[in-house]
Amino acid sequence: MRALQYRTIGAAPEIVEIETPEPGPGEVRIRVTAAGACHSDSFIMGLNEEQYIYGLPLTLGHEGAGIVDKLGEGVTGVEVGEAVAVYGPQGCGRCVQCAQGKENYCERAAELGIRPPGLGAPGAMAEYLVVPDARFLLPLGDLDPVEHVALTDAGLTPYHAIKMSLPKLVPGTTAVVIGAGGLGHVAIQLLRALSPATVVALDVSQDKLRLATEVGAHHVFPSDAEAAERVKELTGGRGAAAVFDFVAIQPTIDAGHAMLAVEGDQVLVGVGAGAVPAGLLAAPYDSTVRAPYWGSRAELFEVFELARAGLVKIETERFSLDEAPEAYRRLHEGTLRGRAVVVP
Ligand code: NAD
Ligand code: ZN
Ligand code: ZN
């Protein structure tokens, strides 16, 4: 089969011909119908030899959808021909976190060497993908895989991040989204669907700010040194009840901190590796900094229900497998509208 692999540190990913994987006992093979490209893929391909821990060659793609194609020995509960989306942050299935469906916080994944597809295990940017267990397959029904595959990360991750802060987003409050890209443009829609808060989007790109307005942001501002002041002004000096930072480099963390309200949540989703300001007295009283990771299996069902209800829609740009390196180039240069989805 054909696959998109990251093979050499620092080089662009390549299309290669590799053996089609066979599902072992308990495993399920899907024929991939869609795979999303995430900034996290760009991030890991930017790491140097000492930092890179995902194995080579690595078939990319941690957002995947497909048609069940072959069942390993003993697999029940899923039918060949069924349309499915893949839950990526796979856990052991047995620890107390996994028991609650929070496999993204599995206590044993690291120790057992369990890695998400495309982030250690072979990913979805290939004609076929083997999934270790049928519980990682969520029924897609008649939802179009290309338009919905990114819900598995670009939908699920902001959903989980926002859900925890909903009790604070009461009428009269303001929520800020920093970075209106793949995750951020979904975050704006989720905030509009789930809360009465005023939604402000910040980005460095005019095109992304336009997209932010189109998907429901009440206000958009350039993400610059004045952004915190503008949010303060807009909120009558109170600041934002929650700041969802999909960039998390030092300037956005500092701005988020400066615009946060008393009892506010600063939620760092981006992997920009900026540092949180130290010093209790410098922070608004009772404010919180959180660093959520992906989301639970139950939350993935909830995100798909929101899509079925027409409350979230991913803007997608479609690429063939041959064009996948180009999709990553566009992601890297920041010129995509919403999410790039590869159709093998
Ligand atoms: P993306 O490239 O699609 O979007 C990033 C957006 O941020 C773009 O619109 C870009 O213009 C904007 N941006 C860049 N610099 C900015 C700045 N200084 N201020 C404001 N906006 C700025 O990326 P994505 O796929 O949406 O991913 C967003 C981030 O979330 C990445 O860092 C990714 O690695 C991370 N991520 C984290 C998790 C998690 O579980 N924590 C999951 C998925 C992705
Ligand atoms: Zn991702
Ligand atoms: Zn577990």
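None of the figures in this text is laboratory data; all of them are computed from the coordinates on show. As the structure is a computational prediction, the values presented were derived from the model and not from experiment. Note that each Cβ is placed from the backbone with ideal geometry, even for glycine, and that neighbours are counted across all protein chains shown.
Modelled this way, with points 7 Å down the Cα-to-C-beta line, the labels at Y285 and R308 are 4.5 nm from one another.
Site pair F301 and E50 shows an inter-label distance of 4.6 nm when each label is modelled 7 Å from Cα along Cα→Cβ.
Please sort 69-82, 126-139 by packing, taking for each peptide the average over its residues of neighbouring beta carbons within 10 angstrom, highest first.
126-139, 69-82
Rounded to the nearest 20 debye, the dipole size of the chain about its Cα centre is 680 debye, using +1 on the Cβ of Lys and Arg and -1 on the Cβ of Asp and Glu.
Counting neighbouring beta carbons within 10 Å and listing from fewest to most, the residues H185, H257 come out as H257, H185.
For A11 and Q250, what is the calculated FRET efficiency with R₀ set at 30 Å and r taken between the beta-carbons, to the nearest 0.05? Approximately 0.60, to the nearest 0.05.
Approximating the spin labels as points 7 Å out from Cα along Cα→Cβ, the V96-to-E19 distance works out to 4.2 nm. Across segment 70-152, Cα-Cα distances exceeding 20 Å account for 37% of all pairs. Between A278 and V204, the contour length at 0.36 nm per residue exceeds the Cα-Cα span by 24.0 nm. Pair-distance distribution P(r) for the chain, from all Cα-Cα distances in 20 Å bins starting at 0: 32, 57, 11, 0 percent.
Peptides 211-217, 19-25, 104-110, 263-269, ordered by how many other C-beta atoms sit within 10 Å of their residues on average, highest first, read 263-269, 211-217, 104-110, 19-25. By the count of neighbouring beta-carbon atoms within 10 Å, fewest first, L56, L191 end up ordered L56, L191.
For segment 213-258, build the convex hull from the C-alpha positions and give me its volume per residue in Å³.
Details: hull volume 3.8 nm³, N = 46.
With only Cα atoms used, segment 213-258 gives 82 Å³ per residue.
Could you check what % of the DSSP bridge pairs in the chain are antiparallel, to the nearest 5? That works out to approximately 50 percent antiparallel. Given their separation in residues at 0.36 nm each and the Cα-Cα distance between them, D142 and E111 gain 7.4 nm when the chain is fully extended.
Length gain on complete extension for the stretch E326 to D224, per 0.36 nm per residue less the alpha carbon to alpha carbon distance? Write down the numbers at each step before the final one.
Working: separation 102, 0.36 × 102 = 36.72 nm, distance 2.90 nm.
Separation in residues times 0.36 nm, less the Cα-Cα distance, equals 33.8 nm.
Of the residues V262, V68, C38, the one whose Cα sits farthest toward the positive end of the charge dipole of the chain, with +1 on the Cβ of Lys and Arg and -1 on the Cβ of Asp and Glu, is V262.
In segment 116-205, the C-alpha radius of gyration followed by the widest Cα-Cα span (Dmax) gives 16.0, 48 angstrom.
For the chain, the relative contact order is 19 percent, taking Cα pairs closer than 8 Å that sit 6 or more residues apart in sequence and dividing their mean separation by the residue count.
Given a Förster distance of 56 angstrom, what is the FRET efficiency for V80 paired with E263, based on the Cβ-Cβ distance and rounded to 0.05?
On the way: r = 52 Å, r/R0 = 0.92.
So, using R0 = 56 Å, E works out to roughly 0.60.
Averaging the sequence gap over all C-alpha pairs within less than 8 Å and six or more residues apart, then dividing by the number of residues, gives segment 112-219 a relative contact order of 20 percent. In segment 121-187, a dipole from Cβ-located charges (positive for Lys and Arg, negative for Asp and Glu) runs towards its positive end, and of T174, P122, A154 it is T174 whose Cα lies farthest in that direction. Per the Cα gyration tensor, segment 213-344 maps to an equivalent ellipsoid with semi-axes of 31, 18, 16 Å, ordered largest to smallest.
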